[in-house]
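Undergrad: To start, I am sharing the structure in question, which I have written as structure tokens.
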Amino acid sequence: MTDIQETLEYTLYHDGIVHSYSKHLPAPGADLPLHVDGAKAPMINPIAVSSVTHAICDQVYEHASKGRLVLTLGGDHSIAIGSVAGTAKAIRERHNDSEMALIWVDAHADINTPQSSGSGNIHGMPVAFLTGITKAPIENPDIFGWIKDEHRINPSKIVYIGLRDVDIPEKKILRDHGICAFSMHDIDRHGIGKVMDMALDHINCGPGQEGMPIHLSFDVDALDPYV
């Protein structure tokens, strides 16, 4: 961080702490798997993930609402529930209720619902919660109940890049909601430059177009399938 600030002369807003969010975690043994009606597997660590992503959302919003570019680094891709939600809320407030586009670079679609997920791991569900395709489970409405319309993303303004491993239920969700997706096959065929042009054109951010704010969410497994 210091090197970036001194070498590039950026103004950084950071408290110098790598946050563990331990204060947002439930007591040991309290975060039981949540059995959702119609699900193949229970949701794993639902209270912890909901609570931590809510805290991330508030932190991101605090900076994004001031017009700052927010960079969030973390563990699995479930943290994007917080980072995307916080940015989306700030964009709506700063840009007269306008929507934000989302470019999701990942080997996986991460758009399973609690009902379609074969594992119950929430890191495979963030886009479903962010779009409202799935919402707080009736079995426990506090789980992601903090996500409101102001936090959500329009499925028509999402572009996937680098998909390599998509579950069959996810393919149906993508098709049913008309979500734009480019696989690694598309990148190999067209080249990353052309794919980016098509992605930006889809969300009205291409050359000569007015465009809209973009949130980039990147999972390292898009680069390395063994991660």
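Here, each number is a calculation from the coordinates, and none is a lab measurement. Note that the structure is predicted; figures quoted are calculated from it, not measured. Cβ atoms come from the backbone with ideal geometry, glycine included; neighbour counts cover every protein chain shown.
Undergrad: Given 192, 19, 2, which one lies farthest toward the positive end of the charge dipole of the chain, if we put +1 on the Cβ of every Lys and Arg and -1 on the Cβ of every Asp and Glu?
TA: 192
Undergrad: Stretched out fully, how many nm does the piece from residue 73 to residue 177 gain, at 0.36 nm a residue minus the Cα gap?
TA: Length gained, residue 73 through residue 177: 34.6 nm.
Undergrad: What is the distance, in nm, between label points placed 7 Å from the Cα along the Cα-to-Cβ direction at residue 135 and at residue 41?
TA: 2.7 nm
Undergrad: Once Lys and Arg get +1 and Asp and Glu get -1 on their Cβ, which of 54, 86, 114 lies farthest toward the positive end of the dipole of the range 2-222?
TA: Of the listed residues, the answer is 114.
Undergrad: In deg cm²/dmol, rounded to 500, what helix-only [θ] at 222 nm does the chain give when every DSSP H run of at least 4 residues adds -39500 (n - 2.57) and the total is split over its residues?
TA: For the chain, the value works out to -9500 deg cm²/dmol.
Undergrad: Right, another one. Go through 135/157; 40/135; 40/172 and tell me which ones have a Cα-Cα distance over 21 Å in this structure.
TA: Cα-Cα > 21 Å for no pair; all within.
Undergrad: In the range 11-116, which trypsin sites (Lys or Arg not before Pro) are in a loop and have at most 11 other Cβ atoms within 10 Å, using DSSP for the loop call?
TA: Loop-located and lightly packed - 66.
Undergrad: Say a site is exposed when it is one of the chymotrypsin sites (Phe, Trp or Tyr not before Pro), sits in a DSSP loop, and has at most 13 other Cβ atoms within 10 Å; what is then the longest site-free stretch of the chain?
TA: The segment 14-225 is the longest one with no such site.
Undergrad: Excluding same-chain residues fewer than 8 positions from residue 23, which lysines have a Cα within less than 23 Å of its Cα?
TA: Straight-distance partners of residue 23: none at all.
Undergrad: What's log10 of I(q)/I(0) for the range 1-92 at q = 0.12, 0.14 Å⁻¹, Debye sum over Cα points only, no solvent?
TA: For the range 1-92 at q = 0.12, 0.14 Å⁻¹, log10 I(q)/I(0) is -0.49, -0.63.
Undergrad: Taking R0 as 22 Å, what's the FRET efficiency between residue 220 and residue 18 from their Cβ-Cβ distance, rounded to 0.05?
TA: After rounding to 0.05, the efficiency reads 0.80.
Undergrad: While we're here: Considering all projection directions equally, how large on average is the shadow of the alpha-carbon convex hull of the chain, in square nanometres?
TA: Computed as one quarter of the Cα hull surface, the answer is 13.9 nm².
Undergrad: In debye, nearest 20, what is the charge dipole magnitude of the chain about its Cα centre with +1 on Lys and Arg Cβ and -1 on Asp and Glu Cβ, if you could check?
TA: Once rounded to the nearest 20, the dipole reads 440 debye.
Undergrad: What is the extension gain from residue 194 to residue 9, computed as 0.36 nm multiplied by their sequence separation minus the C-alpha to C-alpha distance, in nm to one decimal?
TA: 63.4 nm
Undergrad: Further question on the same structure: In debye to the nearest 20, how big a dipole does the range 114-161 give about its Cα centre with +1 on each Lys and Arg Cβ and -1 on each Asp and Glu Cβ?
TA: 180 debye
Undergrad: Can you list the residues, at least 5 places off or on another chain, whose amide H is less than 5 Å from the amide H of residue 161, using H built in the peptide plane?
TA: 104, 105, 106, 182
Undergrad: Hey, another quick one. What is the Rg over Rh value, at two decimals, for the range 130-227, using alpha-carbon atoms and the Kirkwood definition of Rh?
TA: 1.01
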